[in-house]
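Here's the structure we're looking at; comments come further down.
The values are calculated or read from the model by the stated rules, or taken from the named source; none is laboratory data. In this text, all values refer to a predicted model and were calculated from it rather than measured experimentally. Every residue, glycine among them, receives a Cβ derived from its backbone with ideal geometry; neighbour counts consider all protein chains shown.
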Amino acid sequence: MTRKAQVKGVGGYVPEKVLTNDDLSKIMDTSDEWIVSRSGIHQRHQADVGVNSSDLGVAAAKKALAHAGMSIADIDLIIVATSTPDAAFPATAAYVQHKLGSSHGAAFDVQAACAGFVYGLSLATAMIESGQTNQALVIGAEVMTRLLDWQDRSTAVLFGDGAGAIILGAADVAPDAPQVIKNYIRSEGAFADLLYATGGATATSTDSKIHMQGREVYRHAVTNIAEAVCTLLDMAELDVSEIDWFVPHQANRRIIDGVARKIGLPPEKTILTVDHHANTSAASIPLALSEAVQNGQIKPGDLVMTEAMGGGLSWGANLIRWS
Ligand code: ACO
């Protein structure tokens, strides 16, 4: 038996307001046909002014705690992955901790852009396995629409707001029991200029803007993500055919399909939410996990592979035997 991190619960939250592609075509020179054919996105959710990443994160965390049958008093670590923090500091996780009514344990943010959740899960796993933490709440929370320049149609159509949360707990388990099996994270700072934000880049800044070389990001994404998935499978001595569910970062349908083809994964094993959430950056994977658990796709015992790449460039993957 080994001390490992086990999934205890998962939850997701999106704000009520929906912006369809047709809504966007009224304020910029774009069309539903262009957006759907290039990205697979049909709509995105948008948080109201005054609602920040911590608020979305708290809503998702409450659902994850309810799903786990736990209370915030059980949690001794909160990690929030976000590119749209409430403020430059303190950590959005500190706001989340207070809003959830906790005053113990540690709370901090992880900044790895769209790969933030994969990084956060990796970190929480390591802290649990080392004995430093017993029960961790890992949140991906974003108000990406706050970073958008609505005059820039090449980025404004791609992003949305939302949050997802997962709870990991320590357990002494056998190798084939439910657990986070392994994680893999990578960065290559030489490509930082392919995708970055300027301005305040917080949830309350008004001068933020995303800069992206879309074609180059696309090219790196398919290569790097496929590399992460294959490396992780090798590390775990598992074959791609053993994956039950592939839960990719929901940036772009074409990237997701390209990776699945490259690694030889049948399309019916892929969880897709990009059509109705768009790219919610660090929130997209826990949101997709939550939806897939809720609708009965992911079940106890299933082998789940996540993956993401984003600004940095930063990328990685998590391999989980679901609880
Ligand atoms: N509506 C209509 N036309 C548009 C739009 C739009 N919203 N945006 C760009 N165009 C036009 C361009 O101006 C260009 O016109 P031109 O030929 O007259 O100059 C034309 O469409 C083609 O533009 P490209 O940028 O070459 O379009 P491309 O086929 O590369 O698709 C896209 C753009 C969807 C961004 C693609 O490059 C992509 O998916 N890249 C990956 C980026 C991504 O997903 N980033 C998310 C963050 S990173 C991550 O999470 C992995």
**Request:** Of the conditions (1) within 16 Å of the ligand (Cβ to nearest atom); (2) surrounded by fewer than 14 Cβ atoms within 10 Å (Cβ to Cβ); (3) under 20 Å from Pro15 (Cβ atoms), Arg44 clears all except one; give me its number.
**Result:** (2)
**Prompt:** Just checking, how many residues over region 1-59 are out of contact with any Lys or Arg (no Cβ under 9 Å at 6 or more places or on another chain), of a type in the set (A, V, I, L, M) and more than 22 Å from Ala282 (Cα to Cα)?
**Reply:** 2
**Prompt:** Since Ile139 meets every condition but one in (1) of a type in the set (Val, Ile, Thr); (2) over 20 Å from Leu232 (Cα atoms); (3) outside any strand (DSSP E or B), which condition does it not meet?
**Reply:** (3)
**Item:** Among the residues listed as Val293, Val304, the single one being modelled with pLDDT of 95 or more and either charged (D, E, K, R) or out of contact with any His (no Cβ under 9 Å at 6 or more places or on another chain) (or both)
**Value:** Val304
**Item:** Candidates Ala192, Ala165, Ala197, Ala141 - the one that is in contact with a Gly (Cβ under 9 Å, 6 or more places away or on another chain), away from the ligand (no atom under 15 Å from the Cβ), under 16 Å from Ala112 (Cα atoms) and touching a residue at least 24 places away in the same chain (Cβ under 8 Å)
**Value:** Ala141
**Asked** Do we find a residue being of a type in the set (D, E, K, R), over 21 Å from Ile225 (Cα atoms) and outside any helix (DSSP H, G or I) anywhere in region 117-134?
**Response** no
**Message:** Among the numbered criteria (1) on the phi > 0 side of the Ramachandran plot; (2) within 14 Å of the ligand (Cβ to nearest atom), which one does Tyr218 miss?
**Reply:** (1)
**Item:** Search result, residues across region 285-303 that are surrounded by fewer than 24 Cβ atoms within 10 Å (Cβ to Cβ) and within 16 Å of the ligand (Cβ to nearest atom)
**Value:** none
**Residue within region 79-91 that is within 12 Å of the ligand (Cβ to nearest atom) and either touching a strand residue (DSSP E or B) at 6+ places or on another chain (Cβ under 8 Å) or of a type in the set (S, T, N, Q) (or both) present** = yes
**Selection from region 302-315 of residues that are over 11 Å from the mean Cα position of the chain (by Cα) and touching a residue at least 60 places away in the same chain (Cβ under 8 Å)** = Leu303, Val304, Met305, Gly311, Gly312, Leu313, Ser314, Trp315
**Item:** Count - residues of region 234-259 that are within 16 Å of the ligand (Cβ to nearest atom) and either crowded, with 21+ Cβ neighbours inside 10 Å or in contact (Cβ under 8 Å) with a residue 60 or more places away in the chain (or both)
**Value:** 12
**Message:** I'd like to know if region 208-215 contains one or more residues that are more than 9 Å from the ligand (Cβ to nearest atom) and under 19 Å from Val118 (Cα atoms).
**Reply:** no
**Asked** Looking at (1) surrounded by 22 or more Cβ atoms within 10 Å (Cβ to Cβ); (2) over 18 Å from Glu307 (Cβ atoms); (3) touching a residue at least 40 places away in the same chain (Cβ under 8 Å), can you tell me which one Gly116 breaks?
**Response** (2)
**Asked** Which is surrounded by fewer than 20 Cβ atoms within 10 Å (Cβ to Cβ), within 16 Å of the ligand (Cβ to nearest atom) and closer than 27 Å to Lys8 by Cα, of Thr306, Thr231, Thr280, Thr270?
**Response** Thr270
**Request:** Given the conditions (1) within 16 Å of the ligand (Cβ to nearest atom); (2) in contact with a Phe, Trp or Tyr (Cβ under 9 Å, 6 or more places away or on another chain); (3) farther than 16 Å from Ile139 by Cα, report the number of the one that Asp275 does not fulfil.
**Result:** (2)
